[in-house]
Amino acid sequence: VNIKTMMNILKKISNNKIIIPTFNWEFPATKKFDVNKDPSQVGIFSEYFRKKKKIFRTKIPMTSSSTNIKKFDKKLNFNKNLDIYGKISDFGILYKNKGKIILFECPFVPTFIIFIENILSHKIKYRYYKYFSGKIIDKQKKVNVKIKYFVQPRKFRIQYDLIKIRKDLIQNKIFIEKKYKIFSYDEIDAWKFFHFVKKKINKDDMYLLKKNNKIKLLKILKNKKRGFLKKNYDWYELFKLGNRNI
């Protein structure tokens with residue numbers, strides 16, 4: 001499917017209310033986010049959409065989105081302290097307005113999961129907060145900002161059990177496989193997705209993780225409790241920076 005065909009299909013299935021991730025991850029290194037010049041690092045289609053006329057890009061470093069919905073980012077403009085996966089973020093607006101996550105010719109790897117973890121941070125043991133300062137640049141306007149980012153330890157790879165999560169969402173009619181003419185796509189209700197995972201995490205705070213990942217984490221937590229955690233250990237940084245859950 002070429003880019004123009006994808007664009008036309010998205011217009012039809014979304015009633016022409018489109019929000020596309022146009023993430024750029026350079027802010028911690030460059031200390032700046034240029035709303036109009038920094039390219040999307042999500043893919044060709046994302047960058048194509050960002051450059052179209054009458055498209056607005058949200059002013060959130062790292063997790064900005066581009067949209068054809070006017071005034072979408074009214075509450076997001078130039079906040080000096082930004083929780084980029086918080087309630088006042090692109091993800092928060094998607095959740096609040098019961099938007100749909102559309103997977104069109106792409107696998108089930110939703111960044112929305114990090115939004116859920118961030119909102120439920122008091123339950124999540126495998127991420128912690130880091131803060132980065134810099135500038136947001138929008139044409140001639142520059143504003144100093146500080147962003148809050150819910151990160152994972154650098155030397156430990158979080159592995160989500162996406163097969164299990166996808167299956168659970170399908171069984172609960174939250175993840176729906178659809179067709180438009182000859183094209184197939186997946187649709188996830190953001191509001192239902194959040195509350196389904198919230199219930200699961202309240203019962204098992206490592207519900208999202210693969211079994212082996214969970215076992216390793218539990219072992220690390222056990223060693224931490226016994227005082228065996230050393231500075232050269234992968235997870236030392238997480239505990240040192242004070243995840244309040246541990």
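Of all residues in region 182-209, those satisfying the criterion of being among the charged types (D, E, K, R) and farther than 22 Å from Met7 by Cβ are Asp189, Lys192, Lys198, Lys199, Lys200, Lys203, Asp204, Asp205. Got at least one residue in region 171-187 being touching a Phe, Trp or Tyr at 6+ places or on another chain (Cβ under 6 Å), aliphatic (A, V, I, L, M) and in contact (Cβ under 8 Å) with a residue 24 or more places away in the chain? No, every residue in region 171-187 fails to be touching a Phe, Trp or Tyr at 6+ places or on another chain (Cβ under 6 Å), aliphatic (A, V, I, L, M) and in contact (Cβ under 8 Å) with a residue 24 or more places away in the chain.
Among the conditions (1) modelled with pLDDT under 95; (2) open to solvent by less than 60 Å² (accessible area, probe 1.4 Å); (3) not aliphatic (A, V, I, L, M), the only one that His195 does not satisfy is (1).
If you go through region 85-96 and keep only what is surrounded by fewer than 18 Cβ atoms within 10 Å (Cβ to Cβ) and within 22 Å of Tyr180 (Cβ to Cβ), you end up with nothing. Would you call Pro39 more than 25 Å from Lys198 (Cα to Cα) and without any contact (Cβ under 8 Å) to a residue 40 or more places away in the chain? In short, yes. None of Lys71, Lys51 is of a type outside the set (Phe, Trp, Tyr), more than 18 Å from the chain's Cα centre (by Cα) and within 18 Å of Ile3 (Cα to Cα) except Lys51. Of all residues in region 12-35 being among the polar types (S, T, N, Q) and at pLDDT 95 or above, which is surrounded by the most Cβ atoms within 10 Å (Cβ to Cβ)? Residue satisfying both the conditions and the ranking: Thr22. The requirement of being surrounded by 15 or more Cβ atoms within 10 Å (Cβ to Cβ) and within 14 Å of the chain's Cα centre (by Cα) is satisfied by Ile119.
The values are calculated or read from the model by the stated rules, or taken from the named source; none is laboratory data. Predicted model, so just to flag it, every value in this text is computed and none were measured. As a convention, Cβ positions derive from the backbone with ideal geometry for all residues, glycine included, and neighbour counts pool all protein chains shown. Side chains included, ligands, DNA and RNA excluded: accessible areas come from the protein's heavy atoms. Shrake-Rupley method; radii C 1.70, N 1.55, O 1.52, S 1.80 Å.
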